[in-house]
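The values are calculated or read from the model by the stated rules, or taken from the named source; none is laboratory data. What you see is a predicted model; the values in this text were computed from it and never measured. Here the Cβ positions follow ideal geometry from the backbone for every residue, glycine too, while neighbour counts run over all protein chains shown. Quick note on the areas: whole protein, heavy atoms, side chains included, nothing else; ligands and nucleic acids left out. Shrake-Rupley method; radii C 1.70, N 1.55, O 1.52, S 1.80 Å.
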Amino acid sequence: MTQAEGEKKPARVVVADDQTVVREGIAMLLGLLPGVEVVGAAADGEEAVRLVGELAPDVVLMDLRMPRCDGVEATRRIRAQYPGTQVVVLTTFADDDSLFPALRAGARGYLTKDAGGDEIVRAVESVLSGEAGLSPSVQRRLLERLSEPEPRPAATESPDGLTARETEVLVLIAEGLSNQEIARKLHVSTATVKTHINNLFAKTGLKDRAQAVRYAYAKGLVPPPVA
């Protein structure tokens, strides 16, 4: 076997992140590590999709929150148009609102930006070998999600245009949970819970939690208290 035949080709990677410092920092870090060759960098999802078409990389390291085309949509388009390229999400966010849409869009790996260079390389190698490249915390979250009981179906369809998650938050408010307790139960941040509450209040015209409880009972989202 010649040296060329015995050497493993480096994985060709495109880095997509809208923050220049982060994008250049990741590219510089990976450039110092064996087994990875950074072949391109994109500032948003649109550019990421274009570069995949031009460069045919093995893997895209994909941020989620980007202008023009976010990471979830870019992942969906890349996996549909260029199935030979795998996607590993590399993001600040590790809550369900980020994790599961990205995995459903076709991402095979999911890391948070505090991951070290070696961890990123392992994730890249894992997805190229057909395995999932998930950080330990994400693996735990997936196992927890799979072990959770199915959510109780609402008695009626979500009223007033509420999303399924907004309805779920409303039900938990009616059950007496605080914002912090709701965040822990849904495995999201308190800020995300507040955003859902603001949205559902705006859609329903509710002004406070007491009105939300009465609304949930009136709409049949929770059973009335036993007398």
### Summary
Screening L99, L61, L103 for residues that are open to solvent by less than 70 Å² (accessible area, probe 1.4 Å) and over 11 Å from the mean Cα position of the chain (by Cα) leaves only L61
#### Entry: Positions within the stretch 30-42 being under 23 Å from the mean Cα position of the chain (by Cα) and assigned to a helix (DSSP H, G or I), in sequence order
L30
### Task
May I ask you to list the residues in the stretch 64-78 that are surrounded by fewer than 17 Cβ atoms within 10 Å (Cβ to Cβ) and touching a strand residue (DSSP E or B) at 6+ places or on another chain (Cβ under 8 Å)?
R65
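Is it true that some residue in the stretch 5-20 is part of a helix (DSSP H, G or I) and either at pLDDT 95 or above or open to solvent by less than 30 Å² (accessible area, probe 1.4 Å) (or both)?
No - not one qualifying residue is present in the stretch 5-20.
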### Message
Go through the stretch 43-58 and report how many residues are part of a helix (DSSP H, G or I) and either crowded, with 19+ Cβ neighbours inside 10 Å or of a type in the set (A, V, I, L, M) (or both).
### Response
7
